[in-house]
1. Mind listing whichever residues of region A:100-125 are within 14 Å of another protein chain (Cβ to nearest Cβ) and buried (at least 24 other Cβ atoms within 10 Å of the Cβ)?
2. Within region A:35-88, track down each residue that is under 19 Å from the mean Cα position of the chain (by Cα), outside any loop (DSSP other than H, G, I, E, B) and among the polar types (S, T, N, Q).
3. Here is a check on your reading of the model: is residue B:27 touching a helix residue (DSSP H, G or I) at 6+ places or on another chain (Cβ under 8 Å) and at pLDDT 95 or above?
4. What number of residues within region A:348-357 are of a type in the set (A, V, I, L, M), farther than 14 Å from residue A:304 by Cα and either in a loop (DSSP other than H, G, I, E, B) or more than 9 Å from chain B (Cβ to nearest Cβ) (or both)?
5. Those residues that are within 14 Å of chain A (Cβ to nearest Cβ) and closer than 20 Å to residue B:334 by Cβ, I need them from region B:362-378; list them, please.
6. Is it the case, given these coordinates, that residue A:265 is more than 18 Å from residue A:216 (Cα to Cα), assigned to a helix (DSSP H, G or I) and assigned by TED's automatic domain parsing to the domain that holds residue A:184?
7. With the requirement that a residue be in a loop (DSSP other than H, G, I, E, B), facing chain B (nearest Cβ under 7 Å) and under 16 Å from residue A:372 (Cβ atoms), what does region A:332-347 give you?
2 protein chains.
Amino acid sequence: MSIKSIEAPGFKMVDGGICAAKGFRANGLNCGLNPDKNKYDLALFVSDTDCDSAAVYTTNLVKGAPILVTKDHLEKNNGKLRGVIANSKNANTCNKDGVEKAEKMCALAAEQLGLKSEELAVASTGVIGESFRMEPIESHIRELAEGLTYDGGSRAEYAIMTTDTVAKEIAVEFELDGKICHLGGMAKGSGMIHPNMATTLNFVTTDVAIDGDLLQKALSELVKITYNCLSVDGDTSTNDMILVMANGQAGNEKITETGEVFDVTSDAPAGSYQKVYKALWLVLVNLTRMLAADGEGAGKFVSCTVEEAASREDAITLARSVIASSLVKCAMFGEDANCGRVICALGYAGVPLDVEKIDIDLASEAGRMPAYRGGYAVPFDEEYAAKLLHEDEIEVLVNIHAGQAKGTAWGCDMTYDYVKINGDYRS
Amino acid sequence: MSIKSIEAPGFKMVDGGICAAKGFRANGLNCGLNPDKNKYDLALFVSDTDCDSAAVYTTNLVKGAPILVTKDHLEKNNGKLRGVIANSKNANTCNKDGVEKAEKMCALAAEQLGLKSEELAVASTGVIGESFRMEPIESHIRELAEGLTYDGGSRAEYAIMTTDTVAKEIAVEFELDGKICHLGGMAKGSGMIHPNMATTLNFVTTDVAIDGDLLQKALSELVKITYNCLSVDGDTSTNDMILVMANGQAGNEKITETGEVFDVTSDAPAGSYQKVYKALWLVLVNLTRMLAADGEGAGKFVSCTVEEAASREDAITLARSVIASSLVKCAMFGEDANCGRVICALGYAGVPLDVEKIDIDLASEAGRMPAYRGGYAVPFDEEYAAKLLHEDEIEVLVNIHAGQAKGTAWGCDMTYDYVKINGDYRS
């Protein structure tokens with residue numbers, strides 16, 4: 001399913017994903033972790049120069065070995081990175097020799113690139129608790145490094161995909177100090193997705209020059225209104241991360257101050273930090289929406305926006321509760337305007353609510369329909385509702401009349417295919 | 001799927017459900033709320049004499065009108081009740097005239113029985129937010145009351161069932177002060193089940209004489225280790241309740257003191273309160289297990305027991321996280337020993353954990369198999385695992401080596417049928 005992008009004036013959508021930014025080379029190939037020779041399973045990307053970097057990781061107490069190694073490398077290297085090696089098919093998690101093997105992956109890549117191990121991050125996705133085979137990586141690392149190109153982003157993306165059915169890449173171009181800048185990213189889904197942060201592997205690169213602490217601040221804030229508003233199945237993965245790398249090759253004056261705060265959905269103020277913040281939001285929010293739309297087995301992309309909440313946190317908690325409800329998800333699959341399940345999910349979200357102030361509408365390209373007013377169901381035309389829900393993109397619009405804050409969460413319907421995909425994922 | 005009952009010495013399993021206790025008459029019929037004339041949709045049961053009563057209700061902030069009316073009646077009538085009127089097909093929730101109609105249901109039944117309205121409780125289950133039709137009830141209330149019999153429990157049970165595929169009734173017989181006593185119950189499932197308390201409709205009757213406050217104390221405690229350990233789909237319903245009614249017709253000396261506390265899974269001390277407490281646990285835990293096994297679309301009954309936790313609450317929270325995980329549920333459906341998903345679900349449960357102390361086994365009638373030791377996957381024989389998981393009842397056994405407490409949660413696998421049933425539930 002392909003969905004509309006969120007765009008913004010002053011930011012041009014461009015191709016290239018993680019290679020849209022100057023000075024980044026990437027590659028991907030099949031090394032044999034995946035027996036399907038047509039499916040890439042090993043990715044490498046690298047910047048020509050040092051990158052100020054920022055990262056957020058899963059909140060799951062069970063953490064994949066690659067997460068531990070990446071954190072350690074970022075610390076050892078003072079928040080700088082040069083590149084990333086990543087694989088799919090095996091999560092390298094809950095294996096006794098996991099850390100050792102994640103270190104080895106970095107060492108192998110570093111050797112090819114003439115770098116130090118700690119200049120590399122490592123990421124793995126796939127089955128948890130399955131012994132990790134190094135041999136396929138050892139025997140293909142040279143070919144992988146030699147094949148790095150400035151337009152290889154899509155090969156790297158293909159290598160990190162698991163049950164994803166579409167590639168998830170996006171990049172924007174904008175101007176800072178008269179210099180053309182780029183910020184782009186790639187992501188993989190598509191199950192075990194209920195970030196807190198995080199889930200999925202997400203890599204963002206930019207040629208902007210920006211202080212690493214500011215990049216971290218922007219990332220940490222933006223994750224709350226992008227990835228953390230995503231739910232495919234309520235399972236928070238053990239392995240996933242967002243990594244942002246900025247190599248400064250655009251030539252702008254290095255950003256070292258935030259300037260004034262602004263609402264990211266409004267037009268950005270002219271400041272450099274604001275522009276980068278907005279660019280990062282555009283890339284993260286679009287990747288988040290792509291992940292939701294390509295949730296395992298998804299037939300529909302569903303978003304829920306809660307308006308007039310007392311706080312943004314309340315709005316997001318309520319919206320996520322709706323999006324994560326198995327019963328709402330099944331109703332969307334069945335194209336059934338069963339908004340009793342929506343109000344039910346709002347009621348158990350844990351947010352104080354005046355039930356008699358809840359309004360609910362359903363909307364899609366085919367129109368918009370009131371379903372609840374003041375906590376009570378309102379009659380509606382079943383035929384119109386069916387037409388509305390037959391679309392691929394469905395919006396559940398909630399107003400709780402409790403304040404002025406707003407939040408959106410994204411997800412998908414629940415289908416036979418979700419069950420099928422996850423009934424025998426290891427094979 | 002029929003599953004083994006949990007039994008205990010000194011308690012004999014008997015037939016009769018809510019009519020096993022002396023002095024309770026029940027009936028059920030199709031009044032036309034459900035267009036399928038073969039499916040009963042209206043239930044009534046009544047005690048010949050006043051009952052000390054106890055109840056727990058859903059924690060959802062959106063509460064069905066019948067919940068509000070039942071609470072009110074119990075208050076007005078000083079915790080006493082004589083009977084219950086209940087319907088399926090329409091939850092009478094989020095309707096503007098819902099309270100009025102729930103009151104009307106009580107009034108109609110009271111008129112037939114020569115009682116006051118507030119001597120009756122009311123319960124509804126079915127679609128939320130759909131206009132409630134009183135006419136079918138008005139036109140059938142006389143027939144319903146006239147058909148009340150001392151062996152009519154199963155008719156009442158059939159009338160409250162929705163997507164349930166099997167009836168859920170159980171009763172035990174035991175002795176107090178040389179008198180034969182009975183305690184029995186019925187329940188309906190089988191989706192929107194993730195109690196906190198509650199979910200589903202659950203009615204328990206007994207001929208024991210016991211103070212209402214003690215009954216409430218027992219119920220409130222036992223719900224924590226029975227219904228609240230159940231999850232079918234993570235959705236906490238708006239309507240559901242457990243109601244316990246004790247009419248004292250067994251002739252035992254009225255119980256007014258608790259006596260010493262004991263572990264309900266061990267043998268009960270000889271005290272009267274302990275015996276009733278144990279009887280209530282037996283009925284609640286078996287109904288809970290039946291609800292799990294008959295979860296919507298369920299093909300397998302799955303339980304998770306967490307041992308050596310720091311507290312019972314921790315153990316239950318962890319066990320519930322495993323049971324509620326969509327990915328674990330799909331793996332059970334696929335008979336795939338993917339315990340990486342189990343450790344993942346433990347990791348995001350919100351309970352502090354030393355990951356390197358987690359042991360996980362899988363067990364069924366076919367055997368028991370270690371899957372994780374000290375937080376790491378251990379190799380296992382895929383053929384043996386497949387045989388083990390091919391059974392109908394699967395146990396996930398977790399030891400976290402953090403203390404001495406234990407807890408169990410119950411659920412089911414996730415199947416194509418769950419999605420199908422919930423894709424068009426309103427039709």
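1. A:124, A:125
2. A:53, A:70, A:87
3. In short, yes.
4. Of the residues in region A:348-357, 2 are of a type in the set (A, V, I, L, M), farther than 14 Å from residue A:304 by Cα and either in a loop (DSSP other than H, G, I, E, B) or more than 9 Å from chain B (Cβ to nearest Cβ) (or both).
5. Within region B:362-378, B:362, B:369, B:371, B:372, B:377 meet the criteria.
6. No; evaluated as a whole, the condition is false for this residue.
7. Listed by number, the residues that qualify are A:336, A:338, A:339.
For every residue, the table says whether it meets (1) touching a helix residue (DSSP H, G or I) at 6+ places or on another chain (Cβ under 8 Å); (2) at pLDDT below 90; (3) within 18 Å of residue B:61 (Cβ to Cβ).
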position	(1), (2), (3)
A:334	yes, yes, no
A:345	yes, no, yes
A:360	yes, no, yes
A:374	yes, no, yes
A:391	no, no, no
A:417	no, yes, no
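The values are calculated or read from the model by the stated rules, or taken from the named source; none is laboratory data. All values derive from a computational prediction rather than experimental measurement. Heads up, the Cβs are rebuilt from the backbone with ideal geometry, glycines too, and the neighbour counts pull from every protein chain shown.
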